[in-house]
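Undergrad: Pasting in a structure now, in C-alpha coordinates, and then I'll have a few things to ask.
The values are calculated or read from the model by the stated rules, or taken from the named source; none is laboratory data. All of these numbers come straight from a predicted model, not from anything done at the bench. Note that each Cβ is placed from the backbone with ideal geometry, even for glycine, and that neighbours are counted across all protein chains shown. In case anyone asks, the SASA skips ligands and DNA or RNA and just uses the protein heavy atoms, side chains included. Shrake-Rupley method; radii C 1.70, N 1.55, O 1.52, S 1.80 Å.
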Amino acid sequence: MRLAIFDLDNTLLGGDSDHAWGEFLCRKGVVDPEEYKAANDRFFVHYQQGTLDIHEFLGFALHPLTRFALADLQRWHQEFMQECIEPMMLPAAAKLLAEHRAAGDHLLIITATNAFITAPIAERLGVDSLLATEPEMKDGRYTGAIQGTPCFQAGKVTRLNEWLNKTGYSLEGSYFYSDSCNDLPLLEVVDHPVAVNPDAKLAKHAQEHGWPILDLRVKP
(Lines give C-alpha, C1' and ligand atoms only; values in the text may rest on other atoms or scores of the structure.)
Protein backbone atom coordinates (compact mmCIF):
# COMPACT_ATOMS: atom_id res chain seq x y z
CA MET A 1 0.00 0.00 0.00
CA ARG A 2 1.33 3.42 -0.97
CA LEU A 3 1.85 6.13 1.64
CA ALA A 4 0.31 9.57 1.30
CA ILE A 5 1.98 11.69 3.99
CA PHE A 6 0.78 15.15 5.01
CA ASP A 7 2.04 17.93 7.18
CA LEU A 8 -0.83 19.39 9.20
CA ASP A 9 -0.46 23.08 10.01
CA ASN A 10 -0.84 25.41 7.03
CA THR A 11 -1.03 22.35 4.78
CA LEU A 12 -4.20 20.40 5.54
CA LEU A 13 -5.32 23.26 7.79
CA GLY A 14 -5.64 26.88 6.81
CA GLY A 15 -3.71 27.94 9.90
CA ASP A 16 -1.39 26.71 12.64
CA SER A 17 -3.02 24.62 15.36
CA ASP A 18 -0.04 24.92 17.73
CA HIS A 19 -0.03 28.72 17.65
CA ALA A 20 -3.84 28.81 17.77
CA TRP A 21 -3.89 26.65 20.92
CA GLY A 22 -1.60 29.16 22.63
CA GLU A 23 -3.93 31.99 21.64
CA PHE A 24 -6.91 29.96 22.86
CA LEU A 25 -5.27 29.50 26.28
CA CYS A 26 -4.72 33.26 26.45
CA ARG A 27 -8.39 33.92 25.75
CA LYS A 28 -9.37 31.36 28.38
CA GLY A 29 -7.27 33.27 30.90
CA VAL A 30 -5.43 30.14 32.06
CA VAL A 31 -2.06 31.64 31.10
CA ASP A 32 -0.81 35.22 31.39
CA PRO A 33 -2.30 36.74 28.23
CA GLU A 34 0.41 39.32 27.52
CA GLU A 35 3.47 37.30 28.50
CA TYR A 36 2.31 34.04 26.96
CA LYS A 37 1.12 35.65 23.73
CA ALA A 38 4.43 37.45 23.26
CA ALA A 39 6.39 34.22 23.68
CA ASN A 40 3.94 32.25 21.51
CA ASP A 41 4.28 34.80 18.71
CA ARG A 42 8.08 34.87 19.02
CA PHE A 43 8.36 31.09 18.73
CA PHE A 44 6.01 31.13 15.74
CA VAL A 45 8.25 33.62 13.91
CA HIS A 46 11.29 31.44 14.66
CA TYR A 47 9.42 28.45 13.24
CA GLN A 48 8.55 30.35 10.07
CA GLN A 49 12.19 31.41 9.70
CA GLY A 50 13.43 27.84 10.16
CA THR A 51 15.38 28.81 13.31
CA LEU A 52 13.14 27.37 16.03
CA ASP A 53 14.82 25.69 19.01
CA ILE A 54 12.33 22.84 19.28
CA HIS A 55 13.30 21.84 22.82
CA GLU A 56 12.96 25.40 24.11
CA PHE A 57 9.60 25.70 22.39
CA LEU A 58 8.31 22.39 23.74
CA GLY A 59 9.28 23.39 27.27
CA PHE A 60 7.10 26.46 26.78
CA ALA A 61 4.21 24.81 24.95
CA LEU A 62 3.86 21.74 27.15
CA HIS A 63 4.08 23.51 30.51
CA PRO A 64 0.41 24.58 30.58
CA LEU A 65 -0.64 20.95 30.11
CA THR A 66 1.08 20.06 33.38
CA ARG A 67 -1.04 22.47 35.41
CA PHE A 68 -4.47 21.01 34.77
CA ALA A 69 -6.32 17.72 35.01
CA LEU A 70 -6.72 15.77 31.78
CA ALA A 71 -10.52 16.10 31.95
CA ASP A 72 -10.24 19.91 31.95
CA LEU A 73 -7.76 19.88 29.08
CA GLN A 74 -9.99 17.59 27.03
CA ARG A 75 -13.02 19.78 27.66
CA TRP A 76 -11.09 22.85 26.54
CA HIS A 77 -9.86 20.99 23.49
CA GLN A 78 -13.45 20.31 22.42
CA GLU A 79 -14.08 24.07 22.59
CA PHE A 80 -10.84 24.66 20.69
CA MET A 81 -11.92 22.30 17.91
CA GLN A 82 -15.16 24.19 17.35
CA GLU A 83 -13.81 27.70 17.88
CA CYS A 84 -10.45 27.46 16.13
CA ILE A 85 -9.98 24.28 14.09
CA GLU A 86 -13.29 24.00 12.24
CA PRO A 87 -12.76 27.45 10.66
CA MET A 88 -9.34 26.23 9.44
CA MET A 89 -10.78 23.26 7.54
CA LEU A 90 -10.07 23.48 3.81
CA PRO A 91 -12.45 21.90 1.27
CA ALA A 92 -9.57 21.40 -1.18
CA ALA A 93 -7.59 19.55 1.49
CA ALA A 94 -10.57 17.30 2.21
CA LYS A 95 -10.82 16.60 -1.54
CA LEU A 96 -7.11 15.72 -1.72
CA LEU A 97 -7.44 13.33 1.22
CA ALA A 98 -10.49 11.76 -0.42
CA GLU A 99 -8.59 11.24 -3.67
CA HIS A 100 -5.74 9.43 -1.92
CA ARG A 101 -8.21 7.43 0.16
CA ALA A 102 -10.06 6.35 -2.98
CA ALA A 103 -6.73 5.29 -4.53
CA GLY A 104 -6.22 2.91 -1.61
CA ASP A 105 -3.35 4.88 -0.07
CA HIS A 106 -2.51 4.87 3.65
CA LEU A 107 -3.05 8.43 4.92
CA LEU A 108 -0.45 9.59 7.44
CA ILE A 109 -0.16 12.98 9.11
CA ILE A 110 3.31 13.84 10.40
CA THR A 111 3.51 17.01 12.47
CA ALA A 112 5.75 18.78 14.95
CA THR A 113 2.68 19.88 16.91
CA ASN A 114 2.17 17.72 19.96
CA ALA A 115 -0.26 14.81 19.96
CA PHE A 116 -2.56 16.31 22.60
CA ILE A 117 -3.45 19.05 20.14
CA THR A 118 -3.31 17.04 16.93
CA ALA A 119 -4.82 13.61 17.67
CA PRO A 120 -8.43 14.91 17.65
CA ILE A 121 -7.68 16.91 14.49
CA ALA A 122 -6.28 13.85 12.72
CA GLU A 123 -9.39 11.93 13.75
CA ARG A 124 -11.59 14.74 12.41
CA LEU A 125 -9.73 14.56 9.08
CA GLY A 126 -10.17 10.79 8.89
CA VAL A 127 -6.55 9.85 8.34
CA ASP A 128 -5.24 6.38 9.11
CA SER A 129 -2.19 7.26 11.22
CA LEU A 130 -0.60 10.16 13.05
CA LEU A 131 3.03 10.84 13.92
CA ALA A 132 3.35 13.84 16.24
CA THR A 133 5.61 15.03 19.01
CA GLU A 134 4.57 12.87 21.97
CA PRO A 135 4.12 14.58 25.35
CA GLU A 136 4.95 12.35 28.30
CA MET A 137 2.24 11.36 30.77
CA LYS A 138 2.60 9.90 34.27
CA ASP A 139 -0.28 8.96 36.55
CA GLY A 140 -2.78 10.52 34.16
CA ARG A 141 -1.11 13.93 33.95
CA TYR A 142 1.28 15.52 31.48
CA THR A 143 4.81 15.95 32.83
CA GLY A 144 6.04 18.67 30.45
CA ALA A 145 8.61 16.29 28.97
CA ILE A 146 8.38 14.42 25.67
CA GLN A 147 8.77 10.80 24.68
CA GLY A 148 11.23 9.98 21.93
CA THR A 149 12.40 12.31 19.17
CA PRO A 150 10.55 15.57 18.50
CA CYS A 151 8.71 15.23 15.20
CA PHE A 152 10.43 18.27 13.70
CA GLN A 153 12.78 18.90 10.77
CA ALA A 154 15.15 15.89 10.49
CA GLY A 155 13.30 14.39 13.46
CA LYS A 156 10.37 13.76 11.12
CA VAL A 157 12.59 11.49 9.05
CA THR A 158 13.76 9.70 12.20
CA ARG A 159 10.22 9.21 13.47
CA LEU A 160 8.98 8.10 10.06
CA ASN A 161 11.78 5.55 9.70
CA GLU A 162 10.95 4.15 13.14
CA TRP A 163 7.31 3.89 12.08
CA LEU A 164 8.24 2.22 8.76
CA ASN A 165 10.35 -0.36 10.59
CA LYS A 166 7.51 -1.04 13.00
CA THR A 167 4.69 -1.25 10.45
CA GLY A 168 6.38 -2.71 7.39
CA TYR A 169 5.34 0.14 5.08
CA SER A 170 7.88 1.56 2.65
CA LEU A 171 8.47 4.87 0.88
CA GLU A 172 8.09 3.33 -2.56
CA GLY A 173 5.72 5.57 -4.49
CA SER A 174 5.23 7.78 -1.44
CA TYR A 175 3.86 11.33 -1.42
CA PHE A 176 4.56 14.07 1.10
CA TYR A 177 2.70 17.37 1.14
CA SER A 178 4.03 20.33 3.13
CA ASP A 179 4.05 24.11 3.28
CA SER A 180 7.27 24.58 5.24
CA CYS A 181 11.00 24.79 4.66
CA ASN A 182 11.31 22.93 7.99
CA ASP A 183 10.11 19.82 6.14
CA LEU A 184 12.79 19.79 3.46
CA PRO A 185 14.56 16.79 5.09
CA LEU A 186 11.45 14.65 4.63
CA LEU A 187 10.46 16.12 1.28
CA GLU A 188 13.88 15.05 -0.01
CA VAL A 189 13.39 11.35 0.82
CA VAL A 190 9.90 10.64 -0.58
CA ASP A 191 9.25 9.75 -4.20
CA HIS A 192 6.70 12.52 -4.76
CA PRO A 193 7.39 15.74 -2.80
CA VAL A 194 4.65 18.35 -3.15
CA ALA A 195 4.78 21.94 -1.88
CA VAL A 196 1.44 23.22 -0.59
CA ASN A 197 0.98 26.98 -0.29
CA PRO A 198 4.72 27.03 0.45
CA ASP A 199 6.76 29.58 2.35
CA ALA A 200 9.30 31.53 0.29
CA LYS A 201 12.23 29.19 0.93
CA LEU A 202 10.26 26.06 0.09
CA ALA A 203 8.68 27.70 -2.97
CA LYS A 204 12.14 28.55 -4.34
CA HIS A 205 13.41 25.01 -3.67
CA ALA A 206 10.32 23.45 -5.26
CA GLN A 207 10.66 25.58 -8.38
CA GLU A 208 14.38 24.77 -8.71
CA HIS A 209 13.70 21.03 -8.40
CA GLY A 210 10.53 20.85 -10.47
CA TRP A 211 8.28 19.83 -7.58
CA PRO A 212 4.53 20.39 -7.92
CA ILE A 213 3.11 23.36 -6.03
CA LEU A 214 -0.51 23.13 -4.86
CA ASP A 215 -2.92 25.74 -3.58
CA LEU A 216 -5.28 24.11 -1.06
CA ARG A 217 -6.73 27.47 0.00
CA VAL A 218 -8.49 27.94 -3.30
CA LYS A 219 -12.24 28.38 -2.94
CA PRO A 220 -14.34 25.45 -4.24
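Undergrad: Residue by residue through segment 62-72, what is 3J(HN,Hα) from phi via Karplus (6.51 cos²θ - 1.76 cosθ + 1.60, θ = phi - 60°)? Round to whole Hz and write x for glycine and proline.
TA: Along segment 62-72, the couplings run 8, 4, x, 5, 6, 8, 10, 5, 4, 4, 5 Hz.
Undergrad: Sticking with this one: Return the FRET efficiency for the residue pair residue 149, residue 82: r is the Cβ-Cβ distance, R0 is 41 Å, and the value is rounded to the nearest 0.05.
TA: Numbers: r = 32 Å, r/R0 = 0.78.
Efficiency computed from Cβ-Cβ geometry: 0.80.
Undergrad: Carbon and sulfur atoms: what percent of the 1.4 Å accessible area of segment 3-214 do they account for?
TA: Working: 4730 of 9370 Å².
Accessible surface attributable to carbon and sulfur in segment 3-214 totals 51 percent.
Undergrad: What accessible surface, in Å², does a 1.4 Å probe find on residue 142, ignoring ligands, DNA and RNA and rounding to the nearest 10?
TA: For residue 142, solvent-accessible area is about 30 Å².
Undergrad: Can you find, among 92, 108, 135, the residue sitting farthest towards the positive end of the charge dipole of segment 82-175, where Lys and Arg contribute +1 and Asp and Glu -1 at Cβ?
TA: Final value for the positive-end residue is 135.
Undergrad: Another question, then. Order 162, 79, 123 by their accessible area, 1.4 angstrom probe, all chains in place, largest first. Mind showing how you got there, number by number?
TA: Values: 162 95, 79 70, 123 145 Å².
Sorted by accessible area, descending: 123, 162, 79.
Undergrad: Same structure again: Calculate the dipole size of segment 3-214 relative to its Cα centre from +1 charges on Lys and Arg beta carbons and -1 charges on Asp and Glu beta carbons; express the result in debye to the nearest 20.
TA: Values: 16 positive and 30 negative charges, 49 e Å.
Approximately 240 debye in magnitude.
Undergrad: Using a cut-off of 18 Å between alpha-carbon atoms, which lysines can reach residue 95, once sequence neighbours fewer than 8 places away in the same chain are excluded?
TA: List returned: 219.
Undergrad: Moving on to the next point. How would 201, 37 line up by accessible area, probe 1.4 Å, largest first?
TA: Output order, biggest surface exposure first: 201, 37.
Undergrad: Also, I was wondering about something else. Looking at the chain only, what percent of DSSP beta bridges run antiparallel? Nearest 5 please. Don't skip to the answer; put the middle values down first.
TA: Values: 5 of 23 bridges.
Antiparallel bridges: around 20 percent, rounded to the nearest 5.
Undergrad: Ignoring ligands and nucleic acids, what accessible area does residue 181 show with a 1.4 Å probe (Å², nearest 10)?
TA: Here the residue's solvent-accessible area equals roughly 20 Å².
Undergrad: Then there's this: If you plug each phi of segment 137-154 into the Karplus form 6.51 cos²θ - 1.76 cosθ + 1.60 with θ = phi - 60°, what whole-Hz ³J(HN,Hα) values come out, in order, with x for Gly and Pro?
TA: These are the phi-based 3J(HN,Hα) values: 10, 9, 6, x, 10, 6, 9, x, 8, 10, 9, x, 7, x, 8, 8, 6, 5 Hz.
Undergrad: Under a straight-distance cross-link criterion of Cα-Cα below 19 Å, which lysines are reachable from residue 37, leaving out those fewer than 8 residues away in the same chain?
TA: Leaving aside lysines fewer than 8 places away in the same chain, those within reach of residue 37 are 28.
Undergrad: Here's something else I'd like to know. If you find the alpha carbon centre of segment 32-69 and of segment 175-220, how far apart are they in angstrom?
TA: The distance from the Cα centre of segment 32-69 to that of segment 175-220 comes to 25 Å.
Undergrad: Additional query: Sum -39500 (n - 2.57) across every DSSP H segment of at least 4 residues in the chain, then divide by the residue count to get the 222 nm mean residue ellipticity, nearest 500.
TA: Numbers: 9 runs with 104 residues, N = 220.
For the chain, the value works out to -14500 deg cm²/dmol.
Undergrad: Let me ask another. With only Lys, Arg, Asp and Glu charged, each at its Cβ (+1 for the first two, -1 for the last two), find how big the charge dipole of segment 94-148 is about the Cα centre; round to the nearest 20 debye.
TA: Details: 5 positive and 7 negative charges, 30 e Å.
For this selection, approximately 140 debye.
Undergrad: Restricting to bridges with both residues inside segment 101-214, how much of the DSSP beta-bridge set is antiparallel, in percent to the nearest 5? Display every interim value, and only then the final one.
TA: On the way: 4 of 15 bridges.
For segment 101-214, the DSSP antiparallel bridge percentage is about 25.
Undergrad: Quick one: if the Förster radius is 25 Å, what FRET efficiency do residue 68 and residue 45 give, using the C-beta to C-beta distance and rounding to 0.05? Could you put the intermediate results ahead of the total?
TA: Working: r = 27 Å, r/R0 = 1.09.
Computed FRET efficiency for residue 68 and residue 45 comes out at 0.40.
Undergrad: At a Cα cut-off below 28 Å, give the lysines reachable from residue 166, other chains included and same-chain residues fewer than 8 away excluded.
TA: Leaving aside lysines fewer than 8 places away in the same chain, those within reach of residue 166 are 138, 156.
Undergrad: Under a point spin-label approximation (7 Å from Cα along Cα-to-Cβ), what is the residue 167-residue 28 distance to one decimal in nm?
TA: Between residue 167 and residue 28, the label points sit 2.9 nm apart.
Undergrad: Taking θ as phi - 60°, what are the ³J(HN,Hα) couplings along segment 168-178 by the Karplus curve (6.51, -1.76, 1.60), each to the nearest whole Hz, with x for Gly and Pro?
TA: Using θ = phi - 60°, the values come out as x, 5, 10, 8, 5, x, 6, 10, 9, 10, 8 Hz.
Undergrad: Let me ask something additional. Which net charge results when you count Lys and Arg as +1 and Asp and Glu as -1 among the other residues whose beta-carbon is under 12 Å from that of residue 170?
TA: Numbers: positive: 2; negative: 172, 191.
Neighbour charge sum, excluding residue 170 itself: -1.
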